[in-house]
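The values are calculated or read from the model by the stated rules, or taken from the named source; none is laboratory data. Remember, it's a predicted structure, so these values are computed and weren't measured experimentally. Cβ placement follows ideal geometry from the backbone for every residue including glycine, while neighbour counts extend to all protein chains displayed. When the accessible area is computed, the model is the full protein with side chains, heavy atoms only, and any ligands, DNA or RNA have been set aside. Shrake-Rupley method; radii C 1.70, N 1.55, O 1.52, S 1.80 Å.
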Amino acid sequence: MSSAKPGRNDPCPCGSGKKYKVCHAAEDRAREAASAAPPHPLTADLKAAMALLGDPDVSKLSRALEHLGALLTRWGPTPQLRFDAAAFDAYLSKALESLPDTVEQNPAQAHRDLLVGTVREFGTRPFLEGFRASVLQRASESGHSSEDRQSLCVAALLASPSNKPNRFRPEDIPVLDVVFGVQFHEWCAQHQELASKFEALTRFAEGDLSPEAKEALRQASEGNMEALLQHVQSDPALVERIAREAKERAARVEEKLKQPSTPSLFAPEEELWFTCVLWEPMQAAKSAQQNEGTRRSAVENLIRAVKAAIDSELLHGMLERLRQKAKDSTLDEATRAFFMDAAIAVEAEPSRMVMAALFTSSQEAQGRSAEEMVALADIKAHTNWTPEHFEPYRQLLESMNLPKAAERIRRCQDWLREHPIALSK
C-alpha cells in the first residue's frame, strides 16, 4: 500500500477495487483521531495502581486502603461515597439489636459478621458503579497528592468486580470494607452525640427539667434514644443550654491545659503518632506568611490532617483512658474533674481538643515505667526520626504487654518510612 493518503474517490490502496471513501476512509479517520487524542490524565496513576494490586507486598495495598478511609472521612458523608444513610441506619439498628448475648466473648467475630451482612445488603453492582465513577472524578480534580490519586485509583479498580454473577461476593471486595468502616464510625459518632445529650440532661438538676424532658430521659434510659433526639430538637432553649455547657466545658479544658501542672491528655504512643503525622502541616502553619490566604490554607490543611490522624481506635483508647482517670481515687478531686471534662469534650469535639492539647499543653505524655521514660527520652534526643529510632521502644511496649501501644508505634514507623522527620533543635 502507498504511504500517500489517497483522495476520497481514488481506488482504495487495499486493492479491493472500491473507492477509498467507501472502503477504508472511515477506519483511517478513526485511527487518526485516536492517535491525536490526549492521554487520560489518570493513565499513569491507574497503571501504578494496577502495579500495586499485583505487588506481593500487601502492606502497600493496606496503606492505600487506609489512606482511602482517611480521604472518605475528610470529605464527610457524600452521595455515592456512602451507602444510603437512612437504610444503613435502619439496618444497623436492627442488626445490633439481634446480636447474641455472648457477643462480648468474641467481639471481633461479631464485628466481622456485622460488616459482611452490611456489605452484602448495600454493596450492590449499582453502588459500586457509582462509587467507581465518583472516586475517579475526585482523582481527576486538582490539588490531590500522588498518594491521594493512587488510593483513589486503587479504589476504582477494586470497585470493578467480575461480571459473572456467581463470582460476585461483596464481602470479598476490600473497598466496601473501607466504606463500611468509615460510615460505621460516623454512625457511632452520631449515636454518641445522642448519648452526650442524654448525659448532659442527666447532669441538670431534676427541678430544672420540664415534664417532657423527664419523660424523654426516662425513655432514653430504656433504650429509646429517638425520643430524646426528638425532644432536644423540639426545644431550642434546651439545645442552646446544652451547646453553651459544651462550649464552657471545652474552654475550661483548654484553659486548664495551659497550666504547667496539668497532665497531658495523651499516652506516649499517641503523642508520638500525632508528632509524626502532623509534623509537616504544623510546620507549614507556623511558617505560613502573613498573607491571609496562605495562612488560611495552611491552617485548613492542618485541620484536615488532624481529623485524618484521629482514627476510631485512637479515639476510643483516649476516651477510655480519660474516663478511667476521672475515676482514679489516687488523684485529687480537681484533677478527676478535669479528666471528666476532658473526656466529654474530646468525645464531642475530638479535633478541636487534640489541637488544643498539641498547641497549649505544657506537660508531655508520661511513660508508664522508668524504663519507658528512658526509651522516650532516647527517641526525643534524635534530631532526625526514622523507623529504626522507634524500634527499641516498640519492642519495649511489646514486652510490657501493651500490644495496642506497640501497634501505634509500628504505624509511626510505617509513616516515617515515607515521611522522615528532621526536628529543629
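Listing for the model above:
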| read-out | value |
| --- | --- |
| Residue, nearest to the chain's Cα centre (by Cα), within the stretch 51-73, restricted to residues that are loosely packed, with under 13 Cβ neighbours inside 10 Å and modelled with pLDDT of 85 or more | SER62 |
| Residue count for the stretch 253-278, restricted to those that are open to solvent by 50 Å² or more (accessible area, probe 1.4 Å) and of a type in the set (A, V, I, L, M, F, W, C) | 0 |
| Identity of the residue in the stretch 376-391, open to solvent by less than 20 Å² (accessible area, probe 1.4 Å) and touching a Pro at 6+ places or on another chain (Cβ under 9 Å), that ends up farthest from GLN413 (Cα to Cα) | LEU376 |
| Lone unmet requirement of (1) farther than 18 Å from GLU66 by Cβ; (2) open to solvent by 30 Å² or more (accessible area, probe 1.4 Å) for LEU322 | (2) |
| Subset of the stretch 74-89 that is closer than 18 Å to HIS144 by Cβ and in a helix (DSSP H, G or I) - its residue that is nearest to the chain's Cα centre (by Cα) | ARG74 |
| ARG244 being of a type outside the set (A, V, I, L, M, F, W, C), touching a residue at least 24 places away in the same chain (Cβ under 8 Å), open to solvent by 40 Å² or more (accessible area, probe 1.4 Å) and in a helix (DSSP H, G or I) | no |
| Check on ARG304, under 30 Å from SER145 (Cβ atoms) and at pLDDT below 90 | yes |
| Residue in the stretch 417-424 that is surrounded by 15 or more Cβ atoms within 10 Å (Cβ to Cβ) and either modelled with pLDDT of 90 or more or in a loop (DSSP other than H, G, I, E, B) (or both) present | no |
| Count of residues meeting criterion [outside any helix (DSSP H, G or I), of a type outside the set (Val, Ile, Thr), surrounded by fewer than 17 Cβ atoms within 10 Å (Cβ to Cβ) and at pLDDT 85 or above] in the stretch 330-368 | 6 |
| All positions within the stretch 393-410 that are farther than 24 Å from LEU315 by Cβ and open to solvent by 80 Å² or more (accessible area, probe 1.4 Å) | GLN395, SER399 |
